[in-house]
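S.K.: First the structure, then my questions, so here it is.
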Amino acid sequence: MIKFDNVSKRYPGGHQALDQVNFELNAGEMAFLTGRSGAGKSTLLKLIMLMEKASQGQIFVNGKNLGRMPADRIPFYRRRIGVVFQDHQLLFDRNVFENVALPLQIEGYPRHEADRRVRAALDKVGLLKKEKMMPITLSGGEQQRIGIARAVVNRPQILLADEPTGNLDPELAAEIMQLFEQFNQVGVSLLIASHDLSLITRLRHRVLTLDKGRLIRDADSGVPGAAGQEH
Amino acid sequence: MSAPRRQGARESRVSARGALLSRWQQHVQTAADSLEKLRRSPGNALMTIAVIGIALLLPCALFVSVDNLSRLGGNMGGASQISVYLQQDVTDSEALEISEQLLTRRDIDAVRYISAEEAAREFAATSGLGDVIAALDSNPLPGALVITPSDVSTSLSSSLVSDLESLRGVDSVQLDLAWVERLQAFLGLARRASTGLMGILAIAVLFVVGNTIRLAIENRRAEIVVIKLVGGTNAYVARPFLYTGAYYGFAGGVFAWTLLAAILLALGGPATELLRLYGSEYSIRGLGATGSLLLLVGSTLLGWLGAWMSVRQHLSAIEPR
Ligand SMILES: Nc1ncnc2c1ncn2[C@@H]1O[C@H](COP(=O)(O)OP(=O)(O)OP(=O)(O)O)[C@@H](O)[C@H]1O
Ligand SMILES: [Mg+2]
């Protein structure tokens, strides 16, 4: 589903954010991406979203070479990938409901169908009662959940999440992870960047560990001790 | 931009179920949303609209003035007749023959023959000097052909006058066209000026709208980034700005039209009064239905075009990072 072939990313400033990364995420697989701050987790996800271009190597998603994708195809490509952003990326002049409805609005869903899906997504993240509120009046954790609802609202085949539980208390974090596992069970492929090693190790999924831009560990399941591999 | 969009819609899973809104419905929605946004911040919008309106008003006012003057000139076509005085020995039948001949010319609209007797009668009636004429034993007045040229302006440049002068039996040709000539020259100049002014001010409108849209894009940078992140195409992002530009143009056109109508209303009465004093039944005319429609359609297109130029220049630079 997602394949990195010797991918490197060097930012214009000269910083090597990713260094010859190789891995493949199969359809229906769920994996965590971990590593210290600055290791390159967000960069890796941005490459998949085509928010950045790889400096070297090739990335394939659904068999398509991202380096060869024409600019006018990118929006349609993005519609098939749900993303939870580290900085939420919400629209602060629209209420919770409208924020979640945005991807559906862009695709041109009719109102009643969109409403149904938005409510279902909000229900899943426990924000149904706050649909009329503006994001700015909500807590960091609640804003994060708006982002999650928006990422899943048009039922993407691939879900990327950058620190989706960063602002959540352990209980809520566990709930969100459960939600992700539910998506995984219906066939969605997930790649989740997270610092939260205790949570990751409890859930038994594949763990990719980055260190200074290099993939130093690719463990089949979150075996205890994965954290020890990190410096 | 439309081809990939259609293709994308085909690819998306929803359209397979026929659940996607038609493009038309999406347009209607965007159009309504953009209008709502304008309505919510009328202050800035009104400034822009006023500037556009005034820029459009100038060429329109000039156009209406030129139009009225040239129609007024046409109205006074009676004054632009050419009098051809015949020699004394030309008989009625000969004169009629000449007039038949002249009527075949394309640059002549009408020819009226005034025989020497008629001329004497008319002179007697209008001058009140009938007794003097009667006292003379022979009629001193010549017969004349009164010619109405089909087009005042071309008859001046054409060889009509010299042709008439060289006709057999013609004594002299008299025309009092100097003022018509001057008016025509002036109107030609004014017409050219209004065209030029229209061009310049159209460009000004493009810049005004373009700049307003540039600011709007700048204000909504964060929103644009988010929309692009979740799969909005450039066309989708651009659409509300294009509608906004078109609204600005249209509203500017309405503003200009209203101002012009107010000015004509204020000036129309006194001007008509003045013309009546000079014996003209002419009354001032505005843009008319066609002109008004052209103004509104043109201004809307200008607004749209200004927004399009701005969008083209600034939108693609905003990419999610
Ligand atoms: N736009 C950019 N320009 C230059 N350098 C960048 C840019 N974005 C990220 N970097 C650098 O690339 C490195 C990797 O950044 P990245 O955001 O991928 O880290 P991360 O693993 O997501 O960290 P965190 O856990 O703090 O979110 C960092 O050292 C960062 O300074
Ligand atoms: Mg990050």
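Each value in this text was obtained by applying a stated rule to the coordinates, not by laboratory testing. Since the structure is predicted, the reported quantities are computational estimates derived from the model, not experimental observations. Please note: Cβ atoms are built from the backbone with ideal geometry, for glycine as well, and neighbour counts cover all protein chains shown.
S.K.: Given charges of +1 on the Cβ of Lys and Arg and -1 on the Cβ of Asp and Glu, with all other atoms neutral, how large is the dipole of the protein assembly as shown about its Cα centre, in debye to the nearest 20?
M.R.: That gives the protein assembly as shown a dipole magnitude of about 4440 debye.
S.K.: For chain B, take N as its residue count and report Rg(C-alpha) divided by 2.2 N^0.38 Å.
M.R.: Against the compact-globule rule of thumb, the ratio is 1.63.
S.K.: May I ask for the equivalent-ellipsoid semi-axes of region B:196-321, computed as the square root of five times each C-alpha gyration tensor eigenvalue and listed largest first in whole Å?
M.R.: The answer is 44, 11, 10 Å, longest axis first.
S.K.: Could you count how many Lys pairs in chain A have their Cα atoms under 13 Å apart, skipping same-chain pairs fewer than 8 positions apart?
M.R.: 6
S.K.: Okay, next question. What do you get for the angle between helix B:2-11 and the principal long axis of chain B? Use alpha-carbon atoms, 0 to 90 degrees, nearest ten.
M.R.: 40
S.K.: Please give the Cα centre distance for region B:242-321 versus region A:190-211, rounded to the nearest Å.
M.R.: Region B:242-321 and region A:190-211 have Cα centres spaced 63 Å from each other.
S.K.: Nearest 10 degrees, 0 to 90: what angle lies between the long axis of helix B:116-127 and the longest principal axis of chain B (Cα atoms)?
M.R.: Approximately 70 degrees, to the nearest ten.
S.K.: Hey, what do the phi angles of region A:3-20 turn into as Karplus ³J(HN,Hα) couplings, whole Hz, using 6.51/-1.76/1.60 and θ = phi - 60°, x for Gly and Pro?
M.R.: Calculated HN-Hα couplings, in order: 10, 9, 10, 6, 8, 10, 9, 10, 6, x, x, x, 6, 7, 7, 9, 10, 6 Hz.
S.K.: Shifting gears a bit: Please figure out what share of the DSSP beta bridges in chain A is antiparallel and state it in percent, rounded to the nearest 5.
M.R.: Rounded to the nearest five, the antiparallel share is 50 percent.
S.K.: Right, another one. Would you mind telling me the antiparallel percentage of the DSSP bridges in the protein assembly as shown, rounded to 5?
M.R.: Expressed as a percentage, antiparallel bridges in the protein assembly as shown total about 65.
S.K.: Could you tell me what % of all Cα pairs in region B:80-151 have separations over 14 Å?
M.R.: So the pairs more than 14 Å apart make up 61 percent of the total in region B:80-151.
S.K.: Related question: Summarise the long-distance tail of P(r) for chain A by giving the % of C-alpha pairs beyond 22 Å.
M.R.: 51
S.K.: At what distance in angstrom do the alpha carbon centres of region A:120-141 and region A:53-105 lie from each other?
M.R.: After rounding, the separation between the Cα centres reads 22 Å.
S.K.: Also: Which value, in debye to the nearest 20, gives the size of the charge dipole of chain A about its Cα centre, when Lys and Arg are +1 and Asp and Glu are -1 at the Cβ?
M.R.: Dipole about the Cα centre, nearest 20: 560 debye.
S.K.: Another one. Want the number for residue B:219 to residue B:263: 0.36 nm per residue separation, take away the alpha-carbon distance, what's left?
M.R.: 12.1 nm
S.K.: Going out from 0 in 5 Å bins, what whole percent of all Cα-Cα distances in region A:123-199 drops into each bin?
M.R.: Histogramming region A:123-199 at 5 Å steps yields 3, 15, 28, 26, 18, 8, 2 percent.
S.K.: What is the mean projected area of the alpha carbon convex hull for region A:91-155, to one decimal in square nanometres?
M.R.: 3.8
S.K.: If you don't mind, another one. With loop defined by DSSP as not H, G, I, E or B, and exposure as at most 14 other Cβ atoms within 10 Å, which is the longest segment of chain A clear of exposed trypsin sites (Lys or Arg not before Pro)?
M.R.: A:54-131
S.K.: Nearest 10 degrees is fine. How inclined is helix A:111-124 to the longest principal axis of chain A, computing both from alpha carbons?
M.R.: Tilt of helix A:111-124: around 60 degrees.
S.K.: How many Å³ per residue does the convex hull of the Cα positions in the protein assembly as shown occupy?
M.R.: Cα-based convex hull of the protein assembly as shown, divided per residue, equals 207 Å³.
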